[in-house]
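Input: a single structure, listed below in structure tokens.
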Amino acid sequence: MEVNASTGKVFGHQANGSKSQQWNLRPTSVGTCMSIRLLNGGMTGVSDVKQDEVVKASSLYNLNFMLILIRADKGFWIGHLSNPFLVYDLRGGNPADGTEICLWPKNDLEHQKWYFDPV
């Protein structure tokens, strides 16, 4: 994942070591929820919890940015607190760099599975 600093949109991108690809995975004060935070403190999430909603980064604290990590056979699905069946998905299953990430019903395909590497 990478964030566009000017638009705040989060998109898929192969690892390149840039700061915009470095995130902190942090527990929240809401149950077992997690947040995915940028190094500058922004969080990933959606404005509205619905299918095809684009993931973005925001510096505002919002329950729509509370996530759950669901163990997959490889990696994790990143689900939403209020609807864990909607997960982060590379739009259209497109593996190309720059593809938007959106919420989509979990379908067990590889473009919905995410990996976390320590930096």
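Note on the range 58-119 and the range 1-17: Cα centroid distance 14 Å, given to the nearest whole angstrom.
Which of the chymotrypsin sites (Phe, Trp or Tyr not before Pro) found in the range 1-97 are in a DSSP loop and have at most 14 neighbouring Cβ atoms, other than their own, within 10 Å?
Details: sites: Phe11, Trp23, Tyr61, Phe65, Phe76, Trp77, Phe85, Tyr88; in loops: Tyr61.
Those satisfying the criteria are Tyr61.
Globularity index of the chain is 0.95 (Cα radius of gyration / 2.2 N^0.38 Å, N = number of residues). For Ser6 and Asn62, the FRET efficiency from 1/(1 + (r/R0)^6), where r spans their Cβ atoms and R0 equals 25 Å, is about 0.75.
Listed by chain and number, the lysines whose C-alpha is less than 27 Å from the C-alpha of Lys106, apart from same-chain residues fewer than 8 away, are Lys9, Lys50, Lys56, Lys74. With the simple spin-label model, which puts each label point 7 Å out from Cα in the Cβ direction, the Gln51 to Phe85 separation comes to 1.0 nm. Taking label positions 7 Å along the Cα-Cβ direction at both His13 and Tyr115, the computed distance is 1.9 nm, reported to one decimal.
We did not get these values from a lab; they are worked out from the coordinates using the rules stated. Just so it is clear, the structure is predicted and the values come from calculations on it, not from any experiment. Ideal geometry is used to build each Cβ from the backbone, glycine not excepted, and the neighbour counts take in all protein chains shown.
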